[in-house]
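The values are calculated or read from the model by the stated rules, or taken from the named source; none is laboratory data. Everything numeric in this text was worked out from a predicted model, so none of it was measured. Positions of Cβ are backbone-derived with ideal geometry, glycine not excepted, and every protein chain shown enters the neighbour counts. Note: accessible area is taken over every heavy atom of the protein model, side chains too, but ligands, DNA and RNA are not part of it. Shrake-Rupley method; radii C 1.70, N 1.55, O 1.52, S 1.80 Å.
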Amino acid sequence: GEERSALSMKKKTLWDISVQAVCILCALLILFPILYACSVSFMEQKDVLSSPPNLLPPKVTLENYRTAFSRTMLLRYMLNSFIVASVCSVTRMVTATMAAFAFSFFEFKGKKILFALTMATIMIPPDVLIVSNFTTISRMGLINTYAGMCSIFLVSATNVFLLRQFYLSFVKSLKEAAYVDGCGNVRFFLWVLLPASKPIMVTVFLSSFVSVWNQYVWPMLVTNQNEMRTIQVGITMLKDRESAVFGPVMAGVIIALLPTVLLFVLFQRKIVSGMMSGAVKE
C-alpha cells in the first residue's frame with residue numbers, strides 16, 4: 001500500500017512538473033515577440049539587421065529611445081491616450097453598473113428583449129459601423145477633439161453582461177430587507193451594491209482602459225492634427241520611409257506597452273477575482 005501511494009505521488013509530481021513546463025513554454029512563445037521588441041529597442045541599427053540575427057543586444061544603447069522622444073511628441077501622445085482611455089473607462093463603468101442594476105433587480109415589460117438586444121450588439125463588427133460613425137462625428141464638428149475620439153467607446157455590452165452576472169449572485173431578499181429598513185433604490189445602489197462590486201468594477205475599468213488605450217483605426221481617422229494623436233497612432237510616425245530603421249519604432253512600442261503592463265501587474269489578483277465573479281451563472 002505504501003509503495004503504491006509513493007508511486008502514485010511520484011506520478012502526480014511528474015505530471016505537475018510536465019504541465020508547468022508546457023505552460024512556461026507556451027508563455028515564452030507568446031511573450032517572445034514582446035521580449036524581442038524590447039531587445040531590439042536597445043540595439044544599434046547595425047546589430048538589428050545583422051546575420052545571423054542577434055536575440056540580445058551586443059551593445060546596449062539608449063539612442064533609440066532618445067530618437068523616439070525627439071522625433072515625435074510621445075509624451076503628448078501618451079497624455080492624449082490617457083485622457084481618452086480614462087474618460088471612456090469611467091463612463092463605461094458608470095453606464096454598465098446602472099444598466100446591470102436595472103437588468104438584475106427590476107422587473108419591467110420588455111426586460112428580456114432589451115437585454116437580448118444589448119447582447120446582440122456584441123456580434124456587430126465595429127468596422128461595419130466605422131463609416132457611418134465617422135460621418136456622424138464629422139457632421140457634429142468633433143474631428144480633432146477628445147469627444148470625437150471617445151464617442152464610440154463610451155458604452156460596452158460586454159461590461160454590462162459581466163456586472164449583471166455578478167449582481168445576479170446577490171440574493172434579492174437583501175434588496176427587500178434594505179427596503180424594509182428604509183433604503184431606497186439609489187441608496188441601495190450606492191451604499192450596498194457598489195462597495196460589494198469592487199473586484200468586478202476594477203476588472204471592468206482595467207479591461208476598458210487597455211482596450212481603448214490600444215485603439216488605432218478610430219483615433220487615426222478622427223484626428224489630423226499632430227498634437228491630438230494618440231500613442232498608437234504616434235508610434236507609426238517613427239517609421240523611416242527611406243530606410244528600414246526598426247530601433248526607434250520598437251522603443252516606441254515598449255513605451256506604449258509600459259502603462260498597460262504596469263496596470264496588469266498591480267491589479268492582477270483583482271482582475272482574476274473580478275472575472276471569476278462575473279462567471280456566476282443565473
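Summary table
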item: Scan of segment 108-137 for residues that are open to solvent by 40 Å² or more (accessible area, probe 1.4 Å), part of a helix (DSSP H, G or I), farther than 18 Å from Y216 by Cβ and free of Cβ contacts under 8 Å to residues at least 24 places away in the same chain, ordered by number; result: K112, I113, L114, A116, L117, M123, S132, T135, T136
item: The one condition in (1) charged (D, E, K, R); (2) surrounded by 16 or more Cβ atoms within 10 Å (Cβ to Cβ); (3) farther than 29 Å from L206 by Cβ that R92 fails to fulfil; result: (3)
item: Residue within segment 44-63 that is under 28 Å from the mean Cα position of the chain (by Cα) and modelled with pLDDT of 90 or more present; result: no
item: Subset of segment 172-202 that is modelled with pLDDT under 85 and either under 18 Å from F161 (Cβ atoms) or of a type in the set (K, R) (or both) - its residue that is surrounded by the most Cβ atoms within 10 Å (Cβ to Cβ); result: P199
item: T97 vs. criteria buried (at least 17 other Cβ atoms within 10 Å of the Cβ), β-branched (V, I, T), over 20 Å from F205 (Cα atoms) and in contact with a helix residue (DSSP H, G or I) (Cβ under 7 Å, 6 or more places away or on another chain); result: no
item: Selection count, segment 204-260, where residues are part of a helix (DSSP H, G or I) and over 20 Å from the mean Cα position of the chain (by Cα); result: 10
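Residues checked against (1) polar (S, T, N, Q); (2) touching a residue at least 12 places away in the same chain (Cβ under 8 Å):
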| site | (1), (2) |
| --- | --- |
| K10 | no, no |
| D16 | no, no |
| Q45 | yes, yes |
| V48 | no, yes |
| L74 | no, yes |
